[in-house]
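Read-outs: derived from the displayed coordinates by stated rules, not from any lab. Because the structure is a prediction, the values reported are computed rather than measured. In this analysis, Cβ positions are derived from the backbone assuming ideal geometry, glycine residues included, and neighbour counts consider all displayed protein chains.
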Amino acid sequence: MNSKLQKKFEKIGNQLHSDDPIILAHYFMISSPFHWMAIEFNETANTCFGYSYEITPKGYSGIWCDFSLDELAALTHPNPEMYIPDVELDSNFPNNYKFSEVCPKDSYTWKEYKNMRELENIEQATPKLEYER
């Protein structure tokens, strides 16, 4: 995470209320089918929130999740004799793409995730009633 990118995360802030979040960073490992697209950054925990996906022979499948930049940095190629770069920040990825432009078939997953998070927030904010017996 460089300081220029970190400032972009700070400027955009929390995207939970966005209908189509902006992807600010794309991480990948050349020797792996896995990719991580970040829409939010937590400096304290050094984690990102975003869409993690795997490219498969049938296309790709993914999930919205938190991922640790420290854990990504620790990933290495299983064969140490081969020089293959570890996880990299994609410097060629335009960081102003909306999620629907990059993963159009998965745009609904953001809406589902967003609805689930909003329901969790409502449940956490709702006081629990305790009944006396």
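Ranked highest first by average number of other Cβ atoms within 10 Å, how do 19-25, 58-64 line up?
Working: 19-25: 18.7, 58-64: 12.7.
Ranking the peptides 19-25, 58-64 by packing returns 19-25, 58-64.
The stretch between Lys11 and Ser91, if pulled fully straight at 0.36 nm per residue, gains 26.9 nm over its current Cα-Cα span. Per-residue Karplus couplings for segment 56-72, computed as 6.51 cos²θ - 1.76 cosθ + 1.60 with θ equal to phi - 60°, are listed in order as 10, x, 9, x, 8, 9, x, 8, 7, 6, 8, 9, 8, 5, 5, 5, 4 Hz, Gly and Pro entered as x.
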